Every structure is written in C-alpha cells, then in structure tokens.
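All remarks here apply to the structure that follows.
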Amino acid sequence: MERKTAKIQGYDIDLISFDDAINYVSEKIAENQGMHIITANPEMIELANKDKVFSEILKNADLVVPDGIGIILALKLKKIELEQIPGIELAAELIKNCEINGNTIALIGAKEEIIQRTAQLLKNEYKKLNICYTHNGYFTTDKENEIIDNLIKQSPSFVLAALGAPKQEIFINKCRKKLPNTVFIGVGGAFDVWSGVIQRAPEIYRNLGLEWLYRTIKQPERFKRIYKTLPLFLFKAIIETVQNKG
Ligand code: UDP
C-alpha cells in the first residue's frame, strides 16, 4: 500500500483511518515485515524541530498516526479531516489480532509491578496470546543491550515499548536494524492505563478531543509539557497554512 501523507512542519503524518491502520499493520505482521509506528502528538513535532536524532527517527518511521488532538487541528487548518488514532487503542486492537493469528508479542516499559500486572491482565483477556518477553522500562545501557539480545532470541512479531516519548522511539530505533521482521510501537503510559493505575479520560472528554485536559487535571505535572509546546505548535501550524495559501 502506497502511503498517503500530509506534512506538518516537514514531518509526514499518514492520512489513514483507524480501521485501515489496523489492517495495514496486521498485514505487515502476517508477512513478517518489520515497521516502526509512531503515534504523533505536537510535543513530538516540537522535539523533532529541536533534536536532530529524534527528527531522523520521526522521518524514518513507517507509519505516523495522529494521536494528539493538536495534530488533528493542524491538519484541519490544511482542510484535511482525519480521525484521531489513540496509540493505546491501536495497540490493543493489534494485540487482539496477534492472539487470533498466533503472533508473539513482547512488552517493554513501565515499572516492574505494572508490567507484570499488564502481562497478566492481557493473558486473562486474550487466553491464547503468546507474550514471549517482558521487561520493565527502567534499565541501564548495559541492560538495554541485554534486553535487545533477548528480543533477538525471541524474535517477537510485535513489540510494545512503553517508556514515554522520546525514550521509547530511541529504544525502538536501536532495535529496528537488529529485528527487521518485528513491528514496533511506542505506547507511552498504556501499561499504566491497562493495569488500572491511571484512568483514561471518560468518553465525553475523548469525543470532544479533550483527553489531554483530563490527563493534565489528573497529573498536573503534565501541564509543563503542554504549555511549553502546544501554543507554539499551533502558532506554527497557522503560519504554515497562511504561507501555503499566499
Ligand atoms: N517509563 C519507563 N522508563 C523510564 C521513564 C518512563 O518505563 O525511564 C514509563 C513510565 O513508567 C510510564 C511511561 O513510561 O509508564 C510514560 O508514560 P507517559 O504518560 O509519560 O507517556 P506519554 O503517553 O505521555 O508519552
């Protein structure tokens, strides 16, 4: 499938629906074709603007879906209507398909008790799911090499990295060349949500595109991240639109 994308500040965002993204990635998993999925938000675009390494990682991703509402708004300014694709929901659907199709998964990230609880809950929910490897997300560089070696040994079809951005994308980037047949996705705080430590926003917030507001109320420390990046991101999105019109 040819990628159909739109650029936001020079970075490709895939113009794909939730269902098509599931089908596309599930096909890749079935064909043993590795890929890196990035669930993009404005903070990532802003980081890529400042950090060359992250910029390259974002450019080299195989699928960049709009997770943050800011991305949806920036696209709207370009008259492009796209549905939000929350990484956590995309990952959950893909796990379900891995169970059905007998593909192995690995989970990397979060605190030890969280990842254990997540693995257990997933096994309860998806009885035939084969979780071939797990590791918490707090490790040294030496340990990281050991984790990558273990992943190579297990060769999972699908790896979920829940280390927060950009840590998870940097980790995935290190793994990719060594695991060319594995599909990787960074899922941020998904394991905290699945294990019940953090609640997702109620549907009404999600439908209004206000999940970020709910999360900021629940975790006020997140405010620092948002206010530093979101206004600037939206300002640049407006400038980009005006320039392209002129
Ligand atoms: N985390 C980790 N290792 C680290 C730092 C963070 O495994 O060195 C985990 C943390 O325990 C949490 C997740 O990464 O589960 C970060 O979640 P956050 O909500 O910040 O990510 P976001 O979805 O905002 O990218």
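The values are calculated or read from the model by the stated rules, or taken from the named source; none is laboratory data. Small disclaimer: the values here were computed from a predicted structure and weren't measured. Cβ sites come from the backbone with ideal geometry, for glycine too, and all protein chains shown count toward neighbours.
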message: Let me confirm something: among 237, 190, which residue is modelled with pLDDT of 85 or more and under 18 Å from the mean Cα position of the chain (by Cα)?
response: 190
Of all residues in the stretch 199-227 being closer than 25 Å to residue 48 by Cβ and touching a residue at least 24 places away in the same chain (Cβ under 8 Å), the one that is nearest to the ligand (Cβ to nearest atom): 225
Residue count, the stretch 45-71 (criterion: of a type in the set (A, V, I, L, M, F, W, C), in a helix (DSSP H, G or I) and modelled with pLDDT of 95 or more): 8
query: Going by the conditions given, is residue 191 of a type in the set (A, V, I, L, M, F, W, C), within 14 Å of the ligand (Cβ to nearest atom), farther than 24 Å from residue 80 by Cα and surrounded by 18 or more Cβ atoms within 10 Å (Cβ to Cβ)?
result: yes
task: Pull up the stretch 1-32, narrow it to residues that are part of a loop (DSSP other than H, G, I, E, B) and in contact with a strand residue (DSSP E or B) (Cβ under 8 Å, 6 or more places away or on another chain), then point me to the one that is nearest to residue 152 (Cα to Cα).
output: 3
